[in-house]
Amino acid sequence: MIVGSRSVSAVKSILIFLIALFSLLLLDGEGSESLSSESQSGEWRALPIRSQEEFAAGLVGGEAEGHNQGIARSRSNPDIIYLSSDVGQVWRSDDAGGTWNKTRGKGLYAIAGQSIEVDPVDPRIVFVIMDNAQDFINQDFQGLYRSTDAGENWTQVLPVSPDMKNAERYEHNIAYDPASVVEGKALRWYAGFTDVGIFISEDGGGSWQPLKNLPHLGRIYCIHTHPRDGRTVFVGSERGLFVSDERGANLYSTGYLPDGAVSSVAIDEKSPHLVYAVLRRRGLYNSTNGGMTFYFMKAHTSEQIVVHPGYPKVLYLAGRYDVQVSYNRGMSWEEIELNPGVGLGWERKTKLFGPRAAVVPHARKIYEAAAFSDGSIWKKVDRSNFQESVSRYTGYNCGWWNQSVYFDRVRPGRFALFCAAAGMLVTDNGGDSFFRREIPTELFGEPDRQFPWHAIFSGGFQPGTDTVVAAAGRPLQAKLVRSVDAGQTWKIVDHDVMEYLYVSFHPLQPNIVYAGDKISRDGGNTFEVSIFLKEKDAAIIGMSPSHPDTIYATDRKWVAIYRSDDQGRTWRVYTAQEWVFARDRGRPVFTVDPVNPNRIYILDNRGALAVFEGDYWEGLSVLYHLGKIEPNNFVQTIAVDWKNPKIMYAGMHACGISNVWRSMNGGVDWEDISYNLPRVGASALYINPGTGELLFGSGTGTWVLPPPYAGPRPIYDKCLSTP
């Protein structure tokens with residue numbers, strides 16, 4: 001018997017309906033999962049994003065992606081390397097860059113890493129400059145931090161005024177004086193901050209004093225000290241090169257260089273009279289008299305010069321378009337060749353380049369070096385070749401808001417991550433491997449500029465199909481796009497630019513799609529603006545999992561919550577409290593109970609949580625379990641277990657503190673479950689509706705914790721344990 005295409009579609013729709021209905025019936029009744037302490041795990045694991053090729057080859061996996069802005073290599077143990085990330089604080093490698101591990105970051109109250117340096121004797125002592133970029137609320141906690149246990153715990157040793165500028169490039173603005181080493185560590189340190197000044201410490205970084213009467217430097221690019229004399233300090237700046245022979249107290253212009261910014265300085269440690277300086281984007285200069293006068297060496301779009309500490313004839317010159325190496329003090333230069341990974345767009349990374357490129361050679365091996373550039377990390381393995389080296393480094397960020405992870409209830413092996421700056425990542429095998437599906441260049445790039453960027457921040461699949469609708473662009477400035485082949489090709493379906501925090505298909509009527517102030521009833525091909533939402537300047541922010549005809553919206557003042565029980569055809573005010581439930585860049589704290597459509601959760605007026613069930617608001621006490629903490633903190637995100645709504649999770653906004661808490665009794669009592677999780681603040685939490693696994697999305701990748709009850713852990717069991 002031949003069945004017509006319409007009949008096939010009808011049968012398929014009925015099957016989708018029945019499967020989705022069965023999934024929802026699993027939620028019928030609270031407490032259906034028995035709690036078992038034996039199933040609990042006190043270890044978060046990192047989810048590596050691997051291509052099909054990497055998975056087939058048995059590789060561990062990992063992805064850098066977030067830009068690094070600082071790198072430091074231990075002089076006493078060159079296998080230890082530290083990285084500072086613009087959205088992920090500090091990472092460390094203990095095997096010369098072969099694998100990477102996220103440092104815990106307790107007490108590191110900012111997220112944007114800048115310059116970083118490690119003590120020349122004790123590799124556990126490390127300093128990093130942190131900026132409050134990505135967290136505009138906690139300005140008081142930017143500045144200089146010190147760790148004495150390899151990055152697990154930190155102390156802010158030098159707060160810096162809000163005038164400090166985020167570098168958004170590699171800079172070397174922390175330096176130790178090698179001549180000050182006493183009893184296993186350097187005592188004299190320098191730290192420089194653009195538009196703030198330069199500071200000195202004589203006690204190993206415990207206390208700091210500003211250098212007085214400094215000339216106007218503009219942006220500070222680097223600070224370097226003489227390897228022997230204990231007095232000479234070089235400062236590369238926007239105004240040129242400056243030097244002091246009194247430990248920074250008498251900085252004066254030096255070198256007779258052409259006018260322009262000096263972005264890098266390097267000293268031959270074995271012959272300190274040999275000094276190199278980079279005139280930014282114009283070329284390399286050298287001095288044979290300790291920096292008193294410089295001579296032109298090489299024209300280049302230069303940003304950084306590095307002298308190999310153990311083999312000073314070896315120089316690395318990083319520029320706007322490439323990185324070159326010389327093995328004869330600059331008499332001749334060789335191109336650096338890269339060997340990128342396979343899949344996920346790695347093949348596009350063919351050069352080390354730009355102001356965010358940096359190289360640190362191994363002090364005892366002539367050909368070995370570590371480097372970062374273009375959102376990836378590299379390890380030099382021979383004379384000219386760098387291998388991509390991102391094993392265990394997780395950087396894809398699906399942490400913008402509650403709708404940045406999608407689980408397909410019809411296809412249990414499929415879920416998708418919608419990632420800032422990386423587009424959509426989708427897996428069909430439960431996380432063993434992923435496809436990266438970006439907005440194509442012809443849509444976001446020149447000449448049309450229809451998108452300012454190719455990130456995708458929220459979205460969802462039509463249940464059981466390859467059709468996906470998503471919000472693409474920049475946070476709060478996105479357009480709606482649609483694909484019918486799981487993201488291999490995209491088209492714009494609505495050109496209005498708005499935040500689109502929530503984009504979702506109706507699970508039982510898959511032709512309905514909710515997005516912002518719009519609703520589609522043809523599977524996302526076209527969208528119609530809701531007159532009510534438009535008049536209220538409101539947007540949809542949630543749907544009841546158990547009653548998907550019920551949806552919720554909020555005005556952009558984050559005060560009123562509207563409710564519709566008929567798929568958005570009619571609306572009513574559900575509640576209009578007196579406080580704002582969005583404190584961080586227009587990201588509201590909101591979720592719906594998975595069983596009871598009348599129960600919603602938001603941020604309360606104290607920064608904790610409140611629950612509403614149609615009559616009155618009741619406060620939940622999670623914030624008060626934290627004790628006294630320094631940063632301005634509040635609950636950033638909340639998630640409720642689909643199988644047992646008494647199990648709730650709350651994520652904290654602030655960095656450096658315990659950032660994820662769990663309640664087993666509906667919010668009455670809370671326990672700290674941060675465990676080994678990096679203390680980067682909790683942007684978003686997600687629960688796998690089929691298994692109860694908890695996902696944590698952040699600039700340090702996606703981390704997973706199993707539920708507090710027995711059952712399958714298909715994602716968790718594929719993740720990486722941390723040392």
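Any read-out appearing in this document is the output of simple, stated calculations on the displayed coordinates, not a laboratory observation. Just so it is clear, the structure is predicted and the values come from calculations on it, not from any experiment. Neighbour counts are summed over all protein chains in view; Cβ atoms, including those assigned to glycine, are modelled from backbone coordinates with ideal geometry.
Any idea how far the Cα center of region 359-436 sits from the one of region 565-598, in Å? Here the answer is 35 Å between Cα centres.
Annotation: amide H-H contacts under 5 Å for residue 62 (H modelled 1.01 Å from N, sequence separation of 5 or more, or interchain): 49, 392. Our coupling estimate for region 125-133, obtained by passing each phi through the Karplus curve with A = 6.51, B = -1.76, C = 1.60 and θ = phi - 60°, is 8, 9, 10, 9, 8, 10, 10, 8, 4 Hz, Gly and Pro reported as x.
Relative contact order of the chain: 12 percent, from C-alpha pairs under 8 Å at least 6 residues apart in sequence. Please label the shape of the chain as rounded, prolate or oblate, based on the square roots a ≥ b ≥ c of the eigenvalues of the alpha-carbon gyration tensor (a/c under 1.5 means rounded; beyond that, a/b larger than b/c means prolate, else oblate). Note, shape of the chain comes out prolate.
Pick out, in residue order, every one of the chymotrypsin sites (Phe, Trp or Tyr not before Pro) in region 116-181 that is DSSP loop and has at most 12 other C-beta atoms within 10 Å; say none if there are none. Those satisfying the criteria are 136. The packing ranking, built from the mean of other Cβ atoms within 10 Å per residue, places the peptides 239-252, 310-323 in the order 310-323, 239-252, highest first. A simple rule links phi to the HN-Hα coupling: the Karplus curve 6.51 cos²θ - 1.76 cosθ + 1.60 with θ = phi - 60°, which for region 284-294 gives 9, 10, 9, 10, 10, 10, x, x, 6, 9, 10 Hz, with x for Gly and Pro. Near residue 323, the amide H atoms lying under 5 Å from its own belong to 336, 352; only residues 5 or more places off or on other chains count, and H is placed 1.01 Å from N. The helix-based estimate of mean residue ellipticity at 222 nm for the chain, built from -39,500 (n - 2.57) per DSSP H run of four or more residues and divided by its residue count, is -1500 deg cm²/dmol to the nearest 500. Across region 210-221, rounded Karplus estimates of 3J(HN,Hα) from the backbone phi angles (6.51 cos²θ - 1.76 cosθ + 1.60, θ = phi - 60°) give x, 6, 8, 6, 6, x, 6, 9, x, 5, 9, 9 Hz, Gly and Pro being marked x. Listed cross-link partners 491/718; 102/718; 165/379; 534/646 are compared with a 24 Å cut-off, the Cα-Cα value being larger for 491/718; 165/379; 534/646.
Could you tell me which of rounded, prolate or oblate describes region 248-338, using a ≥ b ≥ c as the square roots of the eigenvalues of the alpha-carbon gyration tensor, with rounded for a/c under 1.5 and, failing that, prolate when a/b is larger than b/c and oblate otherwise?
oblate
Stretching residue 212 away from residue 522 to a fully extended chain increases their span by 104.8 nm, per 0.36 nm per residue minus the current alpha-carbon distance.
Which of the aspartates and glutamates could a cross-linker span from residue 479 if the Cα-Cα distance has to be under 12 Å and same-chain partners fewer than 8 positions apart are dropped? Of all the aspartates and glutamates, those that pass the test against residue 479 - Cα under 12 Å, at least 8 places apart if same chain - are 494, 496, 499.
Ranking 272, 357, 608 by how far each Cα lies toward the positive end of the dipole of the chain (charges on Cβ) leaves 272 at the top.
Inter-label distance, residue 477 to residue 566: 3.9 nm, where each label sits 7 Å from its Cα along the C-beta direction.
Taking a ≥ b ≥ c as the square roots of the Cα gyration tensor eigenvalues, region 117-246 comes out oblate, since a/c reaches at least 1.5 and a/b does not exceed b/c. Charges were assigned to the Cβ only: +1 to each Lys and Arg, -1 to each Asp and Glu. The resulting dipole of region 174-318 about its Cα centre is roughly 380 debye. Helix 5-25 and the long axis of the chain differ in direction by around 80°, with both axes built from C-alpha atoms. Amide H to amide H, with H built 1.01 Å from N, residue 517 comes under 5 Å of 540, counting only residues 5 or more places away or on other chains.
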